[in-house]
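The values are calculated or read from the model by the stated rules, or taken from the named source; none is laboratory data. What you see is a predicted model, and the numbers here were worked out from it, not measured in a lab. Reconstructed Cβ throughout: ideal geometry from the backbone, glycine too, with neighbour counts over all protein chains shown. For accessibility, only protein heavy atoms count, side chains too; no ligands or nucleic acids. Shrake-Rupley method; radii C 1.70, N 1.55, O 1.52, S 1.80 Å.
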Amino acid sequence: MTQDTLLAPAAGDLAAEDTRWWRDAVIYQVYVRSFADSDGDGVGDLPGIRSRLPYLAGLGVDALWLTPFYVSPMADFGYDVADYRDVDPLFGTLADARDLIADAHAHGLRIIADIVPNHTSDRHAWFRAALAAPPGSPERARYIFRDGRGPDGAQPPNDWESVFGGPAWTRLPDGQWYLHLFAPEQPDLNWENPEVHAEFADVLKFWLDLGVDGFRVDVAHGMAKAPGLPDVGHADQVEMLGTAVLPYFDQDAVHGIHREWRRLLDSYDGERIAVAEAWAPTPERLAAYTRPDELHQAFNFHYLTAPWEAPGMREVIEESLRTAEAVGAPATWVLSNHDVKRHVTRYGGGERGLRRARAAALLTLALPGSSYVYQGEELGLPEVLDLPEEFQQDPQRLRGEGAGRDGCRVPLPWEGEEPPFGFGAGAASWLPIPTAWRDLTVAAQRDDPGSMLALYHEALRIRREHPALGDGDLRWLTGPPGTLVFVREAGDGDRRLACAINMGDRTVRVRVHGSPLLASGPLDVDGEHVHLPPDTALWWDAEEIA
Ligand code: NOJ
């Protein structure tokens, strides 16, 4: 792969493109703070993203999901929004957002903005007004304020716990408590209040009018709370996230909000979409967010959390496909994001983690539906596990819940021999980049046909060109123990692409009738068979299915 091919813009006239683009789109997540820094302050920004659009278009993705870039005190790095209709000066200006959207479109890339409707920042004008107003006032009715329990109200109104640790309630000097499912700087909105619905409809319109192609909906499972705010009756609720229906998550009433938003999205031209960040206990409950009159996609965290073993992985894939199909939605696939340990590390780290991540890329991109790529996974970046204490800033860690998410948010290494590796013009980046990443920069990988970047580039090219990939069905084939083998067929059955992945611990022999297209690692071909080593995947153009 040469620099020219990697950087060649993907052709694309978005307006004229086919419908239902989102059913098989590859959507690249840009964690804005850590992608590219244009002004040398050590923090990524919108002009930085704009300057790297040729890279993203050349990589061959269809859309970018940008994490929140709105005005924010950054208590949760932008997931605490103080003004939903403006850009934080750290990230640029509204004009920069407009230019980025226009330029992305010119490169054939759609833009998905991140909307945060479960909570605002405590510096949002509404919350300031609520603090200044008395209990029972309309200002407080936009949030969830309650009196406490116990004789003097000194106990929180219920036993709900914050996802970031500690109680989900904070008491004010006047004695009332307010709910925050995340940090105290992120008060939960009251979605039983029509004013909240009207405000968010207006915010969505603001960005749709500016040209965004859709939204990633933060905490899409959280806006509706069970009537009466009942106790959970259980401590360590964080362990129940995504495995149980809690009185504050995945309540049925939340779907009414998504229906309202779908109607709004559908009133715009160009198929504007929404993807739910929803942690639901079962694939069925997750699929409910993507019923035909609700959102278009939901992140498949069951896939992300599946362990590295073939039967379990197959079960998750089958369940995801079955439940998505039942509601007519595309399945989605995701391996990493800004909230979880990077998958190179989750899959074992080092050489093994990298080998598995390469194989997982081929598995993921061969599955039916839409895929997400988290920035840096195309470079094979591992989690940074030894960030010096003084740099760790994630509120989740500071409140004591888990190891923190700084290690997956380290800025991207672009080029050069020393940190910050072309991330920005300044001498430093907001989180330090390991010196060992000199071998993982975009520049270092660009011309190396064996690099992770070359693998993603090639896999995405084949995915775009091969008629059997993307939306559609999957048929399982029988493979040796420890493997998953399946075939994808184009609508007319004329072209087929087969994928085999060996998740076991010994080399297996797989029959390949057709021509190998792409392998995640070295393998031996022996006539019609390949010897597929552990942690390796292969795509082949299948002539006939045995
Ligand atoms: C999910 C986001 O991905 C995460 O980064 C954030 O901390 C929480 N929602 C709260 O907004």
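Values computed for the structure shown
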{"item": "Extension gain (nm, one decimal) between residue 128 and residue 83, 0.36 nm per residue minus Cα-Cα", "result": "15.0 nm"}
{"item": "Between 0 and 90°, nearest 10: helix 350-366 axis offset from the chain longest Cα axis", "result": "90 degrees"}
{"item": "Cβ charges +1 (Lys, Arg) and -1 (Asp, Glu), total dipole of the range 442-546, debye", "result": "200 debye"}
{"item": "Probe 1.4 Å, all protein chains present, accessible-area order of 241, 335, largest first", "result": "241, 335"}
{"item": "Using alpha-carbon coordinates, inclination of helix 194-210 to the longest axis of the chain, degrees", "result": "40 degrees"}
{"item": "Accessible-area value, residue 225, 1.4 Å probe, nucleic acids and ligands omitted, Å²", "result": "20 Å²"}
{"item": "Residues of the range 221-242 with amide N under 12 Å of the 7 Å Cα→Cβ point at residue 259", "result": "none"}
{"item": "Under-5 Å amide H pairs with residue 86, H placed in peptide plane, nonlocal only", "result": "71"}
{"item": "R0 of 56 Å, Cβ-Cβ distance residue 238-residue 447: FRET efficiency to nearest 0.05", "result": "0.80"}
{"item": "Distant-in-sequence amide H partners of residue 273 (H built 1.01 Å from N, under 5 Å)", "result": "214, 215"}
{"item": "Cα lying deepest toward the dipole's positive end in the range 119-188, options 168, 120, 154, charges on Cβ", "result": "120"}
{"item": "Accessible heavy-atom area order of 543, 260, highest first, probe of 1.4 Å", "result": "543, 260"}
{"item": "Residue 269-residue 226 FRET efficiency (beta carbon distance; Förster radius 41 Å; 0.05 resolution)", "result": "0.60"}
{"item": "Segment residue 314-residue 439, length gained on full extension (0.36 nm per residue, minus Cα span)", "result": "41.6 nm"}
{"item": "Within the range 382-464, GluC sites (Glu not before Pro) in DSSP loop having at most 16 other beta-carbon neighbours inside 10 Å", "result": "415, 417"}
{"item": "Cut-off under 5 Å, modelled amide H: who pairs with residue 517 long-range", "result": "539, 540, 541"}
{"item": "Dipole of the chain [Lys/Arg +1, Asp/Glu -1 at C-beta], most positive-end residue of 206, 537, 433", "result": "537"}
{"item": "The range 224-340 - charge dipole about Cα centre, Lys and Arg +1 at Cβ, Asp and Glu -1, debye rounded to 20", "result": "240 debye"}
{"item": "Surface accessible to a 1.4 Å probe, residue 478 within the full protein complex, Å²", "result": "140 Å²"}
{"item": "Size of charge dipole - the chain - debye, nearest 20, with Cβ of Lys, Arg +1 and Asp, Glu -1, no other charges", "result": "600 debye"}
{"item": "222 nm mean residue ellipticity, helices alone, for the chain (DSSP H n ≥ 4; -39,500 (n - 2.57); rounded to 500)", "result": "-7500 deg cm²/dmol"}
{"item": "Two-site FRET efficiency, residue 391 against residue 205, from Cβ-Cβ distance with R₀ of 35 Å, rounded to 0.05", "result": "0.35"}
